[in-house]
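Reading through the structure tokens given below for one structure.
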Amino acid sequence: MTRHSASRYLTRAIDLTARAARSLWYRYVYLAWVDFGRHVTFAGPIRCAGVTGTIEVGDSTFLGPNISLAVAGGGSLRLGREVSVNQGTILSAREAVAIGDGTRIGENCSIRDSDHRIDPAVPVLESGFVIRPVSIGNNVWIGRHATILPGVTIGDGAVIGAHSLVNHDIPARAVAFGTPARIQRTLP
């Protein structure tokens, strides 16, 4: 039992050291141009390639491992205070993606404000994009593997079920799930 206790303390010390090193790396080297709030937790690698816009991350936000922050064409990605973005999630903005305070995003979600334009006469790579801002309110819970499509607004306190495809607005305090997501009930 003593051996396991010592091992647990060593593991915890290594985790804290790694977290501190990641924080320094992301804040002052790799993502030095990002406006990070205080007490942001970096739980693992973050991909952030080819960014030509702005990213703001609020105080006490959790950024899980293997997330991707993509901002192109002068777009804006804003995460409020105490947001949690779990592993494997992709946040992509060409114009604007705004996520309110206290919102929880499950693992492997996709939230994007753009999609390829479809024109049969033009190859997909040359067709350009349809861009519509995404707005997610405060204290929203988005279940794992959910996809939020361009132009969607999700109201404060809404719940989006796991594996849902959200292609239209969801009002405040609504519980919605499915493909496409449908409102199942409203919270009191």
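The figures follow:
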{"read-out": "In the range 94-107, the residues that are in a strand (DSSP E or B) and within 20 Å of ALA176 (Cβ to Cβ)", "value": "VAL97, ALA98, ILE99, ARG104, ILE105"}
{"read-out": "Positions within the range 161-175 being free of Cβ contacts under 8 Å to residues at least 24 places away in the same chain and among the hydrophobic types (A, V, I, L, M, F, W, C), in sequence order", "value": "LEU165, VAL166, ILE170, ALA174, VAL175"}
{"read-out": "Subset tally (residues that are among the polar types (S, T, N, Q) and open to solvent by 80 Å² or more (accessible area, probe 1.4 Å)) for the range 112-142", "value": "1"}
{"read-out": "Among (1) under 13 Å from the mean Cα position of the chain (by Cα); (2) closer than 23 Å to GLY50 by Cα - the single one VAL130 does not satisfy", "value": "(1)"}
{"read-out": "Scope the range 94-110; condition of a type in the set (Ser, Thr, Tyr) and surrounded by 20 or more Cβ atoms within 10 Å (Cβ to Cβ); matching residues", "value": "THR103"}
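The values are calculated or read from the model by the stated rules, or taken from the named source; none is laboratory data. The structure displayed is predicted, hence computed values, not measured ones. Here the Cβ is made from the backbone with ideal geometry for all residues, glycine too, and neighbour counts use every protein chain on show. Remember, those area values only see protein heavy atoms, side chains included, never the ligands or the DNA or RNA. Shrake-Rupley method; radii C 1.70, N 1.55, O 1.52, S 1.80 Å.
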